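Novice: Quick one: structure below, then a few questions.
Bear in mind these aren't lab numbers, they're just calculated from the coordinates by the rules spelled out. From a predicted model like this one, the values you see are computed outputs, not experimental measurements. Reconstructed Cβ throughout: ideal geometry from the backbone, glycine too, with neighbour counts over all protein chains shown.
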């Protein structure tokens, strides 16, 4: 059985395991104050083209989102997000558990527009009864989105411009950041992400690490006491160096092609996803949505699903019409090309 | 430089790294629903002598404490704890951040007594103005305590009896559980811990794992929907198998001596701590407190501190009187015997 | 200037002020444990046809909603509500501030259907990833709704049946309860409200009191420790008798017609609202929505608005099309018939 | 039976009831935006000698404390308070429910010292592990304290100086403010209170009002969006004018002696308390504590308690030694001189 169900089915890049082995008996300070974390932060700042950002290493996505958002908002403020945003759907109310409403916007393709953010913020402050409503205190977007789409540089810049005008920080959830940046049609770079947001994170869990998310805070106003709030959220790993080591490996340059390993890992996942996408399209399948990243959505009938399910794991999301189901195939840094070869061969057969 | 500063200066048991390597490209389900977690849970239940407990794997101690406590208390309830308890001092208010007061009891040697718990609970319900005060909703104790002491079986049984009588769950924080159970003077077993509490956790971070805490819920009333609350707390690791694999290794029997590896690891830390303790005592140093575990507290003068600091890292906690400081030396599963040899030799010299 | 802007523009029924005067120097216990509160609770239970409900007196609507909801939900649970529900829109995130997501349902005319509630609850528990989402833990409806509509007895019974089947409590926000029950087309009685919910409240603030809401808990499982949570929410008035006295007056029978004063007060408000409604309809105005209660919504043009605004206060909610605005006229127990006469005369003139 | 049990046994100053009657059918805006609130705020600012403070009217003490504290602190911050402080003991964890730890200081006579506050704040920031602990974010003191004592002007100034030096706001809980300011030995004025704090409140509930607390924010940094947080806490009364009217009456000058009514009301309570105190002292009773305000603490034996209990209500707090109990007699603006006469006569008899 080969799984294309999600992007966290395997462990980590072998280089990461090797480095953990090599450093295992080094003695270091705890809580992220070791030299590996320091070096990893340096590598990340360099890759982002920012010299004075604060970089923090956290364990997982939900934890990172709630820590960042909780560190920024005052009690009466909420966070604007696309209704399909991870914080609005799949974090068991972690944001509300910190006291804050997610101000959901009905977006398209998992994205919100600058105009939507502007309307919500302007509308709030123009309302004479504003005090009776949750005040928009920040904007949250996912890059790439939960449905695999990406914002263009122009779209990002427009959202940032709106945020700047209203004094409302922009937070980019980069749980799958690598897969977004490596998408063929992507015109956004990691430098742009750093420049066009106030705080964002680089997801390790889904792009080559055992676990770990690197938060980058570029807006000076958001830096104060972030580590206190990490600790309060249980997000300060005792052996912080485990995170530092992983991000060191991820942001070092690969010896083979000279690229940052994180990008290589993401690129591999994208390549395999595109191969699967092409196979489905060539076979005449109907793709769903506009994903350009490592999650591909295709409409299959029951017979096709049953046939593929004999050998492959993938998610059947929902019935779209009679005998038609929306299915998700997900690749990652770890997807083996030979497994994708087999899937492609089997796709040809079932159509 | 050799560090005796804390018990999380190194990585993990080599067997753990090896297993992570061996399983790296297995494809598994996420969020702790994989076979490694299932097997680890089975091994733990077996080691605890309980067949129907729920076992959950979380990442770190603060996270575990807040998740467990938040899952149990109603909004108006607080948790009784020794004033030196980790949740009362060193978690940046993580319990309060969930809405609950820590009802601190002035204990002795880091411990509370059954009588103190009884007084607080009985006193509350006897007060006609009880509704104006936080209701004691559970009892939290650390085993071993933050100052290295341990409860006797009789003490634990007495606390459990009080808790049972009042219908108030008892939660044992076992961040360093192994070091407690392996202490020479300890008359408590892992079976006792499971029997004499409603929920407890087995700390991996400080006893051989890269990270990880295994929560064991034995009281059926506390089991419902725990995973929802884990997720909300950011405590459900995407690649949950990383935790499962580590606890599998820790709770398998070691090939050399047939003991559970977790206990072997803890025993090693204890042995080294006792050697250091004996060295100080032989040299005529004044030990502080009643620690029988891997943290040893000794009174040193400035000259002694300076001398030892040339080669060793350890914590100077506080001034106790003129030119006398309380110092902590901490060992772990990873403390090398040869380093302890060197320290012992140097202790002899400075006195 | 005469105001039809909301239903809290005046003070209280003169009988309430008189009673406050008459009892002013009585000495009573604090915090709602006085005889006035006891008698008011008795009168309310009698009016509701329930003998063993718990009745608590709180100060305002937002406070009542957050106290009730907070007392019921576990941390990972949310409350299902119509997207136009007061808790979802106009309480500055008070529910989220207690840690709970409002699970908004797109209703019609301010109402949700039993089928919608059923779908949301069933859908949640059927989802294999349910643990990653907020669990529906209760259902909230407003009677009447924020737009003046009411549920029929059959609709209420159907929602209660769904709630009962899923073990999810039903909470009815009765901030304007009197105006709902006194609506001409209403087939629901106060007995029905008590029978078809698990907890509800009878709004005093908008129906004759200076302030005050009476919570009635009929479901035994929801009664425990409610007063603790009131206190924590700042909802336990020191001079609780002020609330008791007001609800005594409201639930005593009026000497003139033998009806409960609360219903008389509400009936007066409804009568005036219906007169205004008829005047607009007779004049050929387009009414908006299906309100049968004390808030009436009408479409006016700019000229009409300007003319009426010279003498009357009312709310212009939003532009509906060119030169057409949705306006709200709100009456209450305190609306003077002669003022409504004047408004009616002026309505005739402007059309 | 005559009650000396607390200072909220009666209703309100007759002038307040009269004014509520006189204004009952005025139509005003809701939520504190009416002219009565505006005028009351003006009267209060004038009485405080501050021209640009923000004044808000809330309903009760617990609500006020949690709203003010929640509006100021960031998530990782706590509030320093005397261990006997109301927020630490008698608010059912309302502060923790907002996510914040009360950092209790063992004070004397219900008071903390500037040195204690300084030690706690300086100690925190000097600790290399500060991030693992709750950061002191504000200081809370009660004036008068829960045991009837008061701070001198010098003590207040010293605390304010410490707070200012650390950039930590000082909040004065004035639930019984009038009784403190009117104490004979008090060298603090309302002007001083306003000058020597960043925010404070003037308690109405216990000093002549039906209910109500007036928050005065003098520090500009603490003013922003306070009304949002009031609303979220259910602390924005729909008929806000009820609060405005009461504080108008309280802060107008009394026709008889030209003093502000609030001070007259408090002075009356103090006078009666001093008469009771003198009676006990003359009779040879042992007074407890150093209360100079309207709560007086006296040690009585069982026989004395039984005898007095036949005619008077008062609180028996605790057993202090065999057959000796600490009892509290509490007066207020409403205590009738003739009732105090009777009590004094009976005190003479029982000794």
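Novice: Average projected area of the Cα convex hull of the protein assembly as shown, in nm²? Working shown, then result.
Specialist: Numbers: hull surface 219.7 nm².
Hull-based average projected area comes out at 54.9 nm².
Novice: So for each of D:343-350, D:159-166 I average, over its residues, the number of other beta carbons within 10 Å; can you give me the resulting order with the highest mean first? Write out the running numbers ahead of the final one.
Specialist: On the way: D:343-350: 15.8, D:159-166: 18.6.
Highest mean packing first, the order is D:159-166, D:343-350.
Novice: Per-residue mean of other chain beta-carbon atoms within 10 angstrom of the beta-carbon, peptide B:68-75? Before the final figure, lay out each step's value.
Specialist: On the way: counts 0, 0, 5, 3, 1, 2, 8, 16.
Partner-chain Cβ atoms within 10 Å, mean over residues of B:68-75: 4.
Novice: Now for a separate question. Remind me, relative contact order of the range B:136-229 in percent, using alpha carbon pairs under 8 angstrom and six or more residues apart?
Specialist: On the way: 142 pairs, mean separation 23.8, N = 94.
This gives 25 percent for the range B:136-229.
Novice: Counting pairs of alpha carbon atoms under 8 Å apart in space and at least six apart in sequence, what relative contact order in percent does chain C give?
Specialist: Numbers: 694 pairs, mean separation 83.7, N = 351.
Relative contact order for chain C comes out at 24 percent.
Novice: Do the sum for the protein assembly as shown: with -39,500 (n - 2.57) for every DSSP H run of n ≥ 4, divided by all residues, what is the mean residue ellipticity at 222 nm, to the nearest 500 deg cm²/dmol?
Specialist: Numbers: 56 runs with 572 residues, N = 1404.
Calculated mean residue ellipticity at 222 nm is -12000 deg cm²/dmol.
Novice: Please give the Cα centre distance for the range D:213-272 versus the range C:276-351, rounded to the nearest Å.
Specialist: 37 Å
Novice: List the distances, in nm to one decimal, from the label point of residue A:123 to the label points of the same position in every other copy, shortest first, placing each label point 7 Å from Cα along the Cα-to-Cβ direction.
Specialist: 2.1, 5.1, 5.4
Novice: To one decimal in nm, how far is residue A:187 from the same spot in the other copies, if labels go 7 Å from Cα toward Cβ? Please give the shortest first.
Specialist: Spelled out, the distances from residue A:187's label point are 6.1, 7.4, 7.7 nm.
Novice: Something else about it: Mind checking the alpha-carbon convex hull of the range A:115-155 and giving the volume per residue in Å³?
Specialist: On the way: hull volume 3.4 nm³, N = 41.
So the per-residue hull volume is 84 Å³.
Novice: Between residue D:18 and residue A:271, how high is the FRET efficiency from 1/(1 + (r/R0)^6) when r is the Cβ-Cβ distance and R₀ = 56 Å? Nearest 0.05. Before the final figure, lay out each step's value.
Specialist: On the way: r = 83 Å, r/R0 = 1.48.
The calculated FRET efficiency here is 0.10.
Novice: Just to be sure I understand: with springs between alpha-carbon atoms less than 10 Å apart, which residue in B:298, B:215, B:139 has the highest mean-square fluctuation in the Gaussian network model of chain B?
Specialist: B:298
Novice: Sticking with this structure for a sec: GNM on chain D, C-alpha springs below 10 Å: top fluctuator among D:34, D:22, D:118?
Specialist: Looking only at D:34, D:22, D:118, the biggest GNM fluctuation is shown by D:22.
Novice: Just grab the label-to-label distance for residue C:154 and residue C:185, each label 7 Å out from Cα along the Cβ direction, in nm (one decimal).
Specialist: 1.4 nm
Novice: Label-point separation (nm) for residue B:338 and residue B:324, each offset 7 Å from Cα along Cα-to-Cβ?
Specialist: The answer from the label model is 3.8 nm.
Novice: Sticking with this one: Eigenvalues of the Cα gyration tensor times 5, then square-rooted: what semi-axes does that give for chain A, in whole angstrom, largest first?
Specialist: Details: eigenvalues 213, 156, 58 Å².
Here the semi-axes work out to 33, 28, 17 Å.
Novice: State the residue of chain A whose Cβ is nearest the axis carrying A onto B, and the distance in whole angstrom.
Specialist: A:59, 3
Novice: Counting partner chain Cβ atoms within 10 Å of every residue's Cβ in D:14-21, what's the average? Provide the component values of the computation, followed by the final result.
Specialist: Values: counts 3, 0, 2, 5, 2, 0, 7, 7.
What the average comes to for D:14-21 is 3.
Novice: Here is a follow-up. Compute the distribution of all C-alpha to C-alpha distances in the range A:124-201, in bins of 5 Å from 0, and list the percent of pairs in each, rounded to whole numbers.
Specialist: Answer for the range A:124-201: a P(r) of 3, 16, 25, 22, 13, 9, 7, 4, 2, 0 percent.
Novice: Between residue B:42 and residue B:125, what is the label-to-label distance in nm when each label sits 7 Å out along the Cα-to-Cβ direction?
Specialist: So the two model labels end up 4.2 nm from each other.
Novice: Still on this structure, I have one more. Specify the inter-centroid distance of the range A:139-167 and the range C:21-82, based on alpha-carbon positions, in whole Å.
Specialist: Computed from Cα coordinates, the inter-centre distance equals 46 Å.
Novice: Still on this structure: Given R₀ = 60 Å, what would the calculated FRET efficiency be for residue D:83 paired with residue B:306, taking r from the Cβ atoms and rounding to 0.05?
Specialist: 0.95
Novice: Name the residue, out of B:132, B:90, B:268, whose mean-square fluctuation peaks in a Gaussian network model built on chain B with Cα pairs under 10 Å.
Specialist: Top of the fluctuation ranking is B:132.
Novice: Taking a label point 7 Å out from Cα toward Cβ, give me the nm distances from residue D:109 to the same spot in the other copies, shortest first, one decimal.
Specialist: Here residue D:109 shows inter-copy label distances of 4.0, 6.8, 7.3 nm.
Novice: Count, for each residue of B:233-246, the Cβ atoms from other chains sitting within 10 Å of its Cβ, then give me the mean as a whole number.
Specialist: Shielding by partners across B:233-246 averages 6.
Novice: Let me ask something else. In terms of the ratio Rg/(2.2 N^0.38 Å) built on C-alpha atoms, what value belongs to the range B:32-147? Let's see the in-between values first.
Specialist: On the way: Rg = 16.4 Å, N = 116, 2.2 N^0.38 = 13.4 Å.
Dividing the Cα Rg of the range B:32-147 by 2.2 N^0.38 Å gives 1.22.
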